[in-house]
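Below: the structure, in structure tokens.
The values are calculated or read from the model by the stated rules, or taken from the named source; none is laboratory data. All values derive from a computational prediction rather than experimental measurement. Note that each Cβ is placed from the backbone with ideal geometry, even for glycine, and that neighbours are counted across all protein chains shown. Keep in mind that these areas ignore ligands, DNA and RNA; they rest on the heavy atoms of the full protein, side chains included. Shrake-Rupley method; radii C 1.70, N 1.55, O 1.52, S 1.80 Å.
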Amino acid sequence: RKRKKLRQAGPYALEEQLSDDVEKLHFALGQELDSGNWQGAVTDKHRLETLMAALGEAGLDVQHVLPEQLAVPLSEGGDSVLIDHDMAVVRSGEYSGYAIDSDNLGIVLTAGNQDDLETQVVLQVYVEQDAAIPDLGGYPGEARIEHYARDPLAIFAQGLDMKAINLLQGEFSHTGGWR
């Protein structure tokens, strides 16, 4: 139950569910949920190092770095997908989501919803104004398409929740090497 011990043990508890070595990944711990479970986020350590270096070079003092999946607006009763170029950023729950190349989005959505064919929920899809709508692979539920102009930041701002997991923990915290 101690946060520090959870941060140390968490990566190894999740190791078999991850596609990369634990040493190459950065783990962040969120809040404890009413269920006794904890929020957690995993990202590529090199990607976060590169981001923080670029922000530092720009003279920015960043306090929070949030997983973009948790900034996609949460759809009531369904998943939300933001298509940005060739990537699909999927928010699948209050504290869950993933990113996948948009060419494979339909396959993943269809496979993930085979158990609930009678109770399919509405899929909210945000697509850039002039971009093609990705193949949803026969998604069995209803898909609502909403177009956005040029930059997805306005969509991310709608879903922004400061309770989301801050990735600036451990070696990336302000008490760590990144100031």
**OP:** Give me the distance in nm between label points sitting 7 Å out from Cα along the Cα-to-Cβ direction at Tyr98 and Ala9, one decimal.
**Re:** 2.6 nm
Subject >> At 1.002 mPa s and 20 °C, Stokes diffusion of the chain via Kirkwood alpha-carbon radius, µm² per second >> reply: 121 µm²/s
Subject >> Where the chain is the region considered: accessible area per residue in Å², 1.4 Å probe >> reply: 62 Å²
Original post:
Points 7 angstrom from Cα along the Cβ direction at Lys163 and His46: gap in nanometres?
Top reply: 3.6 nm
Subject >> segment 1-52: proportion of alpha-carbon pairs further apart than 19 angstrom, % >> reply: 30 percent
Original post:
Ordered by packing density, taken as the mean number of other Cβ atoms within 10 Å over each peptide's residues, highest first, how do 99-109, 72-82 rank?
Top reply: 72-82, 99-109
